[in-house]
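Worksheet for the structure shown next.
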Amino acid sequence: MTTTTPSATCPVDLALVAEVAALAPSVHNSQPWQFVVGDGRLDIYGDPTRRLRSLDPDLRLLHISCGAAAELARLAIRSAGRAADIDWRPDPGTPMLLARIRVGEPQPASDLDRELVAAIPRRYTDRGPYDGNPVAPDLVAEMTHAVSSYGLALRLVQDSGERATLAMLLSDAENAEATDTHYAEEIGYWVHAGADGVPIMAVAPWPDHVVPDLPLRQWLPDGRHLHLPAGGPPEVLRDTVVTVVADGDGPLDWLTTGAAVAWLQLRATVDGLATQPLGPATDFAAARIRLARDLGLVGHPQFVMRIGRGSGRPWTGRRDPSEVTIEPKPAP
Ligand SMILES: Cc1cc2nc3c(=O)[nH]c(=O)nc-3n(C[C@H](O)[C@H](O)[C@H](O)COP(=O)(O)O)c2cc1C
């Protein structure tokens, strides 16, 4: 862990804030970001050299990932008892400067802000079966309210017709992606243990006796259920699924989606719940348009995610802070 001390002008250790931000979720754990510590501010740049060339040609997933990192930075500064504001894309001449988070006046953190920050190291993507219980309506209501404060809408996908529609869309999108050799090579590359990528333990196939009612991203070529288990047909699990919907479909919508998703995932973690994005539903514009049309959504769905009680934390690495954070040189 970096041990810079806060400067006289900024009482918050922004190198440490960057380390917290780097725990954010990112597509395929690509961590496509660079943090630059400034005077009383942290800048987050998207790093296009780490983009997914096949899955993310327009850098949409990179923006969502960096938006999530910005939200973690904001919460870390809030929990240090300071106001924190995010300026999205503050310099039109520098399009990869995606967020600037400024340390503001003293402002006591709320209990929830503190709980959310405490949840950051516990948050993880759980791709296994959840316990089958729906998320409590009060929590869904709280999440819906919170997402609206990001200028976005949260919508449950729960009635059986909508689930069938989403299942078909996910299946078509997954098939289109998986039969693309560039996509297959790319996902094959990112399934690995180390400082980035998704370790094989985190994508283990489900046990034979349960299946999700919605197809999840296939990380391994042989990950499908191909045979009936000896004990009879598997039980079908229907998790709580939500979609985050934006008014538009551009960089600002992607960044705020990332921030809202980070908040949602942490809020779920506070209550002992885990999440998994259902990426193929929104990876490409054609899928997003079809999802909006088939579910009657007003706006542009940006993210679909299941939420439930998972079964444990698979280890997912992060790059060394020295690789992702640039700090000012100390005065000689
Ligand atoms: C934009 C975005 C899309 C993602 N899509 C998927 C997905 O389709 N399926 C999945 O299992 N995980 C998905 N993830 C989760 C990442 O794989 C995960 O955040 C990353 O591997 C880091 O692991 P962690 O969340 O456990 O820290 C996505 C994450 C982001 C930010």
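The values are calculated or read from the model by the stated rules, or taken from the named source; none is laboratory data. Keep in mind it's a predicted model, so treat the numbers as computed, not measured. We place every Cβ from the backbone using ideal geometry, glycine too, and count neighbours over all the protein chains shown. To get the accessible areas, we keep the full protein, side chains included, count just its heavy atoms, and leave off ligands, DNA and RNA. Shrake-Rupley method; radii C 1.70, N 1.55, O 1.52, S 1.80 Å.
Would you mind checking the tilt of helix 160-178 against the longest principal axis of the Cα atoms of the chain, expressed as 0 to 90 degrees and rounded to 10?
Its long axis makes an angle of about 80 degrees.
As a check on your grasp of the helix formula, calculate [θ] at 222 nm for the chain: sum -39500 (n - 2.57) over DSSP H runs of n ≥ 4, divide by the residue count, round to the nearest 500.
Mean residue ellipticity at 222 nm (helix-derived): -10500 deg cm²/dmol.
Taking only protein heavy atoms into account and a 1.4 Å probe, give the accessible area per residue of the chain in Å².
About 45 Å² of surface per residue is accessible.
For the stretch 77-127, what does the alpha-carbon gyration tensor say about shape, rounded, prolate or oblate, given a ≥ b ≥ c as the root eigenvalues, a/c under 1.5 as rounded, and a/b over b/c as prolate?
Taking the square roots of the gyration eigenvalues as a ≥ b ≥ c, the stretch 77-127 is oblate.
Between Ser311 and Asp111, what is the spin-label point distance in nm, taking each point 7 Å from the Cα along the Cα→C-beta axis?
Taking the two extended label points, one gets 3.4 nm.
Under the rule a/c < 1.5 gives rounded, and otherwise a/b versus b/c splits prolate from oblate, where does the stretch 43-147 land using the Cα gyration tensor?
Here the stretch 43-147 falls in the oblate category.
Give the angle, between 0 and 90 degrees and rounded to the nearest 10, that separates the Cα long axis of helix 251-270 from the longest principal axis of the Cα atoms of the chain.
Roughly 80 degrees, rounded to the nearest 10.
How tilted is helix 60-79 with respect to the longest principal axis of the chain? Cα atoms for both, answer in degrees (0 to 90, nearest 10).
In the chain, helix 60-79 runs at an angle near 50 degrees to the longest axis.
Could you order peptides 199-205, 38-44 by the average number of other Cβ atoms within 10 Å of their residues, highest first? Before the final figure, lay out each step's value.
Details: 199-205: 15.4, 38-44: 19.7.
Packing proxy ranking, top to bottom: 38-44, 199-205.
Could you look at the chain and say what percent of its accessible area is carbon and sulfur, using a 1.4 Å probe and all protein chains?
57
Nearest 0.05, what FRET efficiency do Ile326 and Ala230 give at R0 = 56 Å with Cβ-Cβ as r?
Working from the Cβ atoms, E equals 0.50.
With a/c under 1.5 counting as rounded, go ahead and sort the chain into rounded, prolate or oblate using the C-alpha gyration tensor (a ≥ b ≥ c being the square roots of the eigenvalues; past the cut-off, prolate if a/b is larger than b/c, else oblate).
It is prolate, given that a/c is not under 1.5 and a/b is the larger ratio.
Highest first, please rank the peptides 69-76, 241-248 by the mean number of other Cβ atoms sitting within 10 Å of their residues.
69-76, 241-248
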